[in-house]
Amino acid sequence: MPILWVKTLLQHAAIIAAGLLIGWIYDGPVWGLLAALAVLLGWHISHLYLLERWLGTGDPGPMASGSGPWSQVLARIGAVKERGRRNRRAWMQLVKEIRASTKALPDGGVMLTGDLKIVRCNKAARQMLGLKKKRDRDVRIDNLIRHPEFVAYLESGSTKESVEIPAPGGGDRWLSCRLVPYGMDQKLLLVRDITGSVIMERMRRDFVANASHELRSPLTVITGYLDAMAEDESLPEAWRAPVADMNEQSARMGALIRDLLTLSKLESSESCSRENRVKLGAILAAARRDALLEPQGPRRIELEIGSTADILGEETEIQSIVNNLVTNAVRYTPAEGSVTIGWRTDKKGGYLSVADTGIGIPADEIPRLTERFYRADAGRARQKGGTGLGLAIVKHALKHHDAELEIHSDVGAGSEFVCRFPADRLAVS
Ligand code: ADP
């Protein structure tokens, strides 16, 4: 079967030939030719007129069928149009379903442009963040939610972590916000109500703080009596060892309570101010002096101070960081080993490091060391007198100073703990 254009060409040639023939019979072949062309032209124009009207009006019904090749052309255009209509209907249905499901989501979602302007948001986001559909369109999200931590989170451009902020509408509700990039340069702000877990966490912290606080007074009394018994010359010989043991254990319990209280204080406070200048040199020198007093510890403890910069923050917390790291280094390094305490700075920030040539830590244990009560070698650590809270305290105190802890270690070769302080936490004299 010949394809459409060949068929049309043959038809047109036949009509033109017929016109010429009729014109030739009546002695006017040119008139015959012109008449044939006029018929063809009229036929095409009438179909074009129909087609234009049908396309222009968007008439959903089928188009009037044409004749000749036009019947096929029109049928094909009709099929394409019908397919488009069906697709559009399916898309509309899909959009409707997506809208209905985002509306039903308990979590909030705000679509943002690359420069953080609101494009649209779902119902939950409007309720949680107090946004208004029309009023807030095209407004930068940080002009509406001005909590400093939220603004800092947006500025950092971090899309991995989330930020926890009180709900802008008040009412003691807490929200977790996370930015997720999508499309070309758009961002999706996911918002979750975490009030329940914040309350639980607060209760846990309060319980630990209260319990530790309540345990302190009876323990002070017990320790007092045990001290007196240990010093009592008339104590029967059989009691000497048990009393010494009890004294040791009550000292451990005291250290545990002290660390629990320090930790809960650190957990319940926000980032510390930058008003105080903490002189690190003096703290490091004091930590070295104390470490050298440890009878079982390494004999070589070096100080490598490469900077005179101070840290902007809280002195007691910096002291706690240094003491915990140096105590650990001394605790886990034999007498013939060495410990190096260092402080240096560069353009990016300051690096407080405590390195030792001690027992080292297996690589798979390193990520868990800052968890409360996590010990790489629980038996040995307990024997060495640790509470299991030292590195958790270090982590929280560093967080208050916007700093991070890096741990490098090789089993049997030693460990290095590096605290990285950002440049804006340093003051150069
Ligand atoms: P602890 O009071 O038990 O030392 P920490 O929180 O300070 O608790 O440390 C957690 C664990 O990390 C320790 O139990 C120990 O296994 C390991 N650790 C910490 N510092 C060192 C170090 N310098 N060398 C080897 N292991 C260490």
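The values are calculated or read from the model by the stated rules, or taken from the named source; none is laboratory data. Since we're looking at a predicted model, the values are computed, not measured. Each accessible area value is taken on the protein alone, full model and side chains, heavy atoms only, with ligands, DNA and RNA left out. Shrake-Rupley method; radii C 1.70, N 1.55, O 1.52, S 1.80 Å.
Averaging over every viewing direction, what projected area does the convex hull of the Cα atoms of segment 199-267 cover, in nm²?
It is 4.9 nm².
Where is the GNM fluctuation largest for the chain (alpha-carbon springs, 10 angstrom cutoff): TRP343, TRP43, TRP91?
TRP43
Quick one: if you take sqrt(5λ) for each eigenvalue of the C-alpha gyration tensor of segment 277-427, what semi-axes come out, biggest first, whole angstrom?
Three semi-axes, in Å: 24, 17, 14.
Taking springs between alpha-carbon atoms closer than 10 angstrom, which of LYS96, LYS117, LYS187 fluctuates most in the Gaussian network model of the chain?
Looking only at LYS96, LYS117, LYS187, the biggest GNM fluctuation is shown by LYS96.
Please work out the average accessible area per residue across segment 105-193, using the 1.4 Å probe convention, and give it in Å².
For segment 105-193, the per-residue accessible area is 59 Å².
Using a 10 angstrom cutoff on alpha carbons, build the Gaussian network for the chain and name the most mobile of MET200, MET253, MET92.
Judging by the Gaussian network model, the answer is MET92.
Taking N as the number of residues in the chain, what is its alpha-carbon radius of gyration divided by 2.2 N^0.38 Å?
1.84
Using only the alpha carbons, work out the radius of gyration and Dmax of segment 202-355 in angstrom.
Cα-based Rg and Dmax for segment 202-355 come out at 19.6, 65 Å.
What is the projected area of the convex hull of the Cα atoms of segment 246-337, averaged over all directions, in nm²?
7.3 nm²
Going down the table (LYS117/LYS399; LYS117/LYS160; LYS279/LYS395; LYS187/LYS265; LYS160/LYS279), which pairs top 32 Å between alpha carbons?
Table pairs above 32 Å Cα-Cα are LYS187/LYS265; LYS160/LYS279.
In whole percent, how big is the carbon plus sulfur part of the accessible area of the chain, probe 1.4 Å, protein atoms only?
Using a 1.4 Å probe with all protein chains present, the chain comes out at 58 percent carbon and sulfur.
Taking a temperature of 37 °C and a viscosity of 0.692 mPa s, what whole-number D in µm²/s does Stokes-Einstein yield for segment 151-285 with Rh from Kirkwood over alpha carbon pairs?
164 µm²/s
With the Cα gyration tensor of segment 105-193 giving a ≥ b ≥ c as the square roots of its eigenvalues, does the rule (a/c under 1.5 for rounded; else a/b larger than b/c for prolate; else oblate) give rounded, prolate or oblate?
Rounded shape, in that the Cα axes give a/c under 1.5.
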